[in-house]
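J.: Once you've had a glance at the structure underneath, I'll fire off some questions.
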Amino acid sequence: MASVPTRTVGVVVDPEFGSRVVTLAREMYLWVRGSPANLAAVDAVRASGTEITSFVASSEDSPEEAVLGILADVDLHHGPYSQASPWAEVFVFGASSTPEIRSLLAEIGFGEPEPTTEGFRSVKVEG
């Protein structure tokens, strides 16, 4: 199975992200919110032999709630207790940074999020 560098992780919470998942999975490890459009792309990524994770979030959850619901699991799988070279950067697609998200990022060692065109990015704080 092919793998991509795990120091950068993407979290896709936009249920209509769709085929863009395939391209993005070549650049970073992805966690993708399950939806019909996204799961078709996740299946294509898996068929290519690249690792990818899909997760369930309630259709009633806002994108920001979906981020809050999955970040601790992402940290568990890509953090220092699971990886020799833990994640150092996260890109979130389809959500805005909220005070609650900023607080959770700080708890798991990440700095102030920076807005991107499709969400935000945060980098692990050294030290």
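The values are calculated or read from the model by the stated rules, or taken from the named source; none is laboratory data. Since we're looking at a predicted model, the values are computed, not measured. Here the Cβ positions follow ideal geometry from the backbone for every residue, glycine too, while neighbour counts run over all protein chains shown.
J.: For V11, which of the numbered conditions (1) buried (at least 21 other Cβ atoms within 10 Å of the Cβ); (2) without any contact (Cβ under 8 Å) to a residue 60 or more places away in the chain; (3) closer than 17 Å to S122 by Cα fails to hold?
T.: (2)
J.: Look through S103, S54 and report the one residue that is touching a helix residue (DSSP H, G or I) at 6+ places or on another chain (Cβ under 9 Å) and closer than 22 Å to R7 by Cα.
T.: Exactly one residue qualifies, and that residue is S54.
J.: Residue by residue through the stretch 91-107, note down the ones that are in a loop (DSSP other than H, G, I, E, B) and within 14 Å of the chain's Cα centre (by Cα).
T.: Those that are in a loop (DSSP other than H, G, I, E, B) and within 14 Å of the chain's Cα centre (by Cα): G94, A95, S96, S97.
J.: If I ask for residues that are loosely packed, with under 14 Cβ neighbours inside 10 Å and modelled with pLDDT of 95 or more, which ones from the stretch 112-127 would you list?
T.: Once the filter is applied, which keeps residues that are loosely packed, with under 14 Cβ neighbours inside 10 Å and modelled with pLDDT of 95 or more, the stretch 112-127 yields E112, E114, P115, T116, T117.
J.: State all residues of the stretch 11-49 that are polar (S, T, N, Q) and in contact with a helix residue (DSSP H, G or I) (Cβ under 9 Å, 6 or more places away or on another chain); if no residue qualifies, say none. Please lay out each step first, then the result.
T.: We begin by selecting, within the stretch 11-49, every residue polar (S, T, N, Q); these are 19, 23, 35, 38, 48.
Listed by number, the residues that qualify are S19, N38, S48.
J.: Filter the stretch 32-90 down to residues that are in a loop (DSSP other than H, G, I, E, B), loosely packed, with under 15 Cβ neighbours inside 10 Å and either hydroxyl-bearing (S, T, Y) or in contact (Cβ under 8 Å) with a residue 12 or more places away in the chain (or both), then give me how many there are.
T.: Of the residues in the stretch 32-90, 12 are in a loop (DSSP other than H, G, I, E, B), loosely packed, with under 15 Cβ neighbours inside 10 Å and either hydroxyl-bearing (S, T, Y) or in contact (Cβ under 8 Å) with a residue 12 or more places away in the chain (or both).
J.: Follow-up question, since we're still on this one. Examine the stretch 15-23 for a residue that is aromatic (F, W, Y), farther than 15 Å from S122 by Cα and not in a helix (DSSP H, G or I), and state whether such a residue exists.
T.: yes
J.: Can you say whether E112 is assigned to a loop (DSSP other than H, G, I, E, B), under 14 Å from P15 (Cβ atoms) and without any contact (Cβ under 8 Å) to a residue 12 or more places away in the chain, as far as the supplied structure shows?
T.: Spelling it out, it is not the case that E112 is assigned to a loop (DSSP other than H, G, I, E, B), under 14 Å from P15 (Cβ atoms) and without any contact (Cβ under 8 Å) to a residue 12 or more places away in the chain.
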